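So the structure is just underneath, and the comments pick up after that.
The values are calculated or read from the model by the stated rules, or taken from the named source; none is laboratory data. Just so you know, these numbers come straight off a predicted model, no measurement behind them. When we count neighbours, we look across all protein chains shown, and the Cβ atoms used for this are built from the backbone with ideal geometry, even at glycine. All accessible areas refer to the heavy atoms of the entire protein, side chains included, with ligands and DNA or RNA removed. Shrake-Rupley method; radii C 1.70, N 1.55, O 1.52, S 1.80 Å.
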Amino acid sequence: MTTLVLTLVAGALGYGIGSISSGYIVGKVYRNVDLRRVGSGSTGATNTLRALGPGAATLVALFDVLKGIAAVWVARSLVTEAGWSSYAVALAGLGAIAGHCWPAILAGRGGRGVATGLGTAVLIAWPSWLVSVPAFVIVILVTRMVSLGSLAAALFMNLGYLAFAAAGLTGFDPVIQGYLAIGALLVTWRHRPNIVRILKGTEHRLGERTAPPA
């Protein structure tokens with residue numbers, strides 16, 4: 001099998017791994033709740049938090065991060081050739097985010113891609129975490145809006161990678177930078193309704209809980 005084919009396979013596998021909806025599974029097992037029919041309709045950790053509480057949300061967030069890590073690990077295992085490795089992990093990472101956001105098995109109704117994107121960055125651009133995660137936490141503490149923290153995390157993931165590369169603390173790979181930029185755009189696109197509510201001043205804040213259907 002040629003390296004190009006393996007790279008494409010890595011992307012497809014990334015999508016498949018990302019499509020495993022931990023939110024849907026946890027919701028069904030935890031309280032027989034379909035998160036697509038509750039609150040924002042997202043299967044991500046934030047909607048899980050509002051509908052099912054912090055225990056279920058933590059489990060969903062953890063699994064979503066692990067999905068991103070697994071997708072990139074599989075890509076690295078499949079494609080080891082230096083000239084292709086970056087393309088393989090970038091395609092797998094984007095596939096994992098896309099699969100999480102638009103899983104075919106759930107009619108394209110998934111999450112926002114933040115936790116899965118952060119998971120991919122663990123192996124692709126881990127130093128960026130040192131900037132992105134604090135930005136995520138600080139924005140949430142100040143505004144109590146997870147959506148705004150998520151958008152900040154996506155932005156600072158890119159800025160962090162550029163900053164560490166400029167300081168010579170990590171190498172710079174334009175393919176990886178391109179991946180981070182496209183990933184941030186996907187996350188931002190998925191947050192369109194949240195952005196509208198933020199601008200209107202009606203965005204949900206932490207502490208507001210959505211009751212699951214009886």
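Quick notes on this structure:
- Every condition in (1) buried (at least 22 other Cβ atoms within 10 Å of the Cβ); (2) of a type outside the set (Phe, Trp, Tyr); (3) modelled with pLDDT under 90; (4) in contact with a helix residue (DSSP H, G or I) (Cβ under 6 Å, 6 or more places away or on another chain) holds for Arg50 except the one numbered (4).
- Filter result (assigned to a helix (DSSP H, G or I), open to solvent by less than 30 Å² (accessible area, probe 1.4 Å) and either out of contact with any helix residue (DSSP H, G or I) (no Cβ under 9 Å at 6 or more places or on another chain) or not small (Gly, Ala, Ser) (or both)) within the stretch 144-176: Val146, Met157, Asn158, Tyr161, Ile176
- When each of Trp129, Trp189 is tested for being farther than 30 Å from Gly83 by Cα, open to solvent by 50 Å² or more (accessible area, probe 1.4 Å), assigned to a helix (DSSP H, G or I) and not small (Gly, Ala, Ser), the lone residue that passes is Trp189.
- Contact map, the stretch 127-153: first residue within 17 Å of Asn47 (Cβ to Cβ) and modelled with pLDDT under 95, second residue open to solvent by 70 Å² or more (accessible area, probe 1.4 Å) and among the charged types (D, E, K, R), Cβ cut-off under 7 Å, separation 6 or more or different chains; pairs are Arg144/Arg205; Met145/Arg205.
- Residues in the stretch 18-32 that are surrounded by fewer than 24 Cβ atoms within 10 Å (Cβ to Cβ) and either out of contact with any Ser or Thr (no Cβ under 9 Å at 6 or more places or on another chain) or closer than 19 Å to Ala104 by Cα (or both): Ser19, Ile20, Tyr24, Ile25, Val26, Lys28, Val29, Arg31, Asn32.
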